[in-house]
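The values are calculated or read from the model by the stated rules, or taken from the named source; none is laboratory data. None of the values given here were measured: they were computed from a predicted structure. Virtual Cβ from ideal backbone geometry, glycine too; neighbours counted across all protein chains shown. Just the protein is used for accessible areas: all its heavy atoms, side chains included, with ligands, DNA and RNA removed. Shrake-Rupley method; radii C 1.70, N 1.55, O 1.52, S 1.80 Å.
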Amino acid sequence: MLREAGHRVGLYTSPHLVSVLERFQVEGRPMSETAFAAWVGRLEPLIVELNATFFEVTTAIAFADFAARGVEIAVVEVGLGGRLDSTNAITPLACGVTRIALEHTEYLGTDLKGIGREKAGIAKAGVPFLTTEADDGIRAAMAETAHAADTSLQAVSPALAEGFVLGLGGPHQRSNASLAIALAEALPSRWRPDNEAVRRGLAAARVPGRFDRRGRWIFDVAHNPDGMRALVRALQAQALPRPIIAVVGVLKDKDWRGMLEMLRPVVDEVILTTAPSAPADRVWDAGQTDFGDALGRAQDAGGTALVTGSFHTVGDAMAALRIDPT
């Protein structure tokens, strides 16, 4: 929407699928390898001195590169949590949280209200803070944190995006689009997209790896039960060519049994596999098929080939199939 309004926009997201360069985009174009190498070289003394984490480094590079490339306004995705996240160093024009789900419990805990408080840590004094979270208890916990930061939490109706054509697939994207619209409306007038820019932006929006259709292939990074639930609803809403063959690779610390139980009824065959880039200490043992063989079987079956279960699985599949996420 911001790009359609004529602004020079930066986008910082994580994680990446194939190349780290995907994380840094200006006007929809990823950072070049040369620029990335130059920023790492320039920041290396500080990286070593501070013993900076990978995400701290990429966040610093994103902000430095956006400034160097003349970005007027940036969309910045929080990495994990919110309160202690590297991206929380900035004071935004507006900020928002979609819905709260159990994720990264080793860091954020297993209490949804507690996770809500951590995510609400991005709230800043006087800055519009919005959410599409529907649970009253979680929203109340977030509102307490926002109040302590000298702002208030505004609930956004998930129906705000009704009537718009969305480029993103899946019923859950209506709620996400509603939050995006509300955030755009909360911006100062200088940056606020008009109705036509909102309409064009929603229709043009694409996110690699999120119900991402490339010919007969569908890539979706659903890597927890909440994500798998959204994927299943998206599959049910589409009249897809059969058979639907699902290539699934999940990390062992996820609720993969619950995820498979949700997926099995809506596909014709599930092929379990392990992504080559999956961390060795998180590889599951589910009697899986070789990764290349799994992709080949899905390719040869006709119908629809679905790849899901983790960012590693989707990214490795795109790389193997020579598909550029951007």
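Quick notes on this structure:
- For the chain, the residue among 298, 275, 101 whose Cα projects farthest onto the positive side of the dipole built from Cβ charges is 298.
- With the convex hull drawn over the C-alpha atoms of the stretch 180-236, the volume per residue is 119 Å³.
- Contact order relative to length of the chain, as percent, for alpha carbon pairs under 8 angstrom and 6 or more apart: 16
- Choice from 123, 148, 161 showing the highest fluctuation, given a GNM over the chain with Cα pairs closer than 10 Å: 148
- The stretch 1-106 - share of DSSP beta bridges that are antiparallel (%, nearest 5): 55
- Highest average first, the peptides 272-279, 47-54, 193-200, 235-242 ordered by how many other beta carbon atoms sit within 10 Å of their residues are 272-279, 193-200, 235-242, 47-54.
- Residue with peak Gaussian network fluctuation, the chain [Cα springs, cutoff 10 Å], from 132, 289, 34: 34
- Inter-site label distance for residue 300 and residue 165 at 7 Å from Cα along Cβ, in nm: 4.0
- Using the Karplus relation 6.51 cos²θ - 1.76 cosθ + 1.60 with θ = phi - 60°, the per-residue 3J(HN,Hα) values for the stretch 279-288 come to x, 4, 7, 10, 6, 7, 10, 10, x, 7 Hz, with x marking Gly and Pro.
- Its Cα centre serving as origin, the stretch 1-53 has a Cβ charge dipole (Lys and Arg +1, Asp and Glu -1) of approximately 140 debye.
- Per-residue SASA remark: residue 43, around 40 Å² accessible (1.4 Å probe; ligands, DNA and RNA not included).
- Compared with the dominant principal axis of the Cα atoms in the chain, helix 136-148 is inclined by about 40°.
- The GNM of the chain, with springs linking C-alpha atoms under 10 angstrom apart, assigns the highest mean-square fluctuation among 305, 159, 222 to 159.
- Calculated FRET value between residue 134 and residue 84, using beta carbons and R₀ = 22 Å, to 0.05: 0.30
- If you bin all the Cα-Cα distances of the stretch 92-210 at 5 Å, starting from zero, the percentages per bin are 2, 12, 20, 20, 20, 15, 9, 3, 0.
- Probe 1.4 Å - accessible area at residue 213, Å² to nearest ten: 110
- Axis angle, to the nearest 10 degrees, between helix 195-204 and the longest C-alpha principal axis of the chain: 30 degrees.
- Calculated percent of Cα pairs over 31 Å apart (choose from (i) 35; (ii) 30; (iii) 43), label: (i)
- Separation of alpha-carbon centers, the stretch 242-299 and the stretch 152-202, rounded to whole Å: 34
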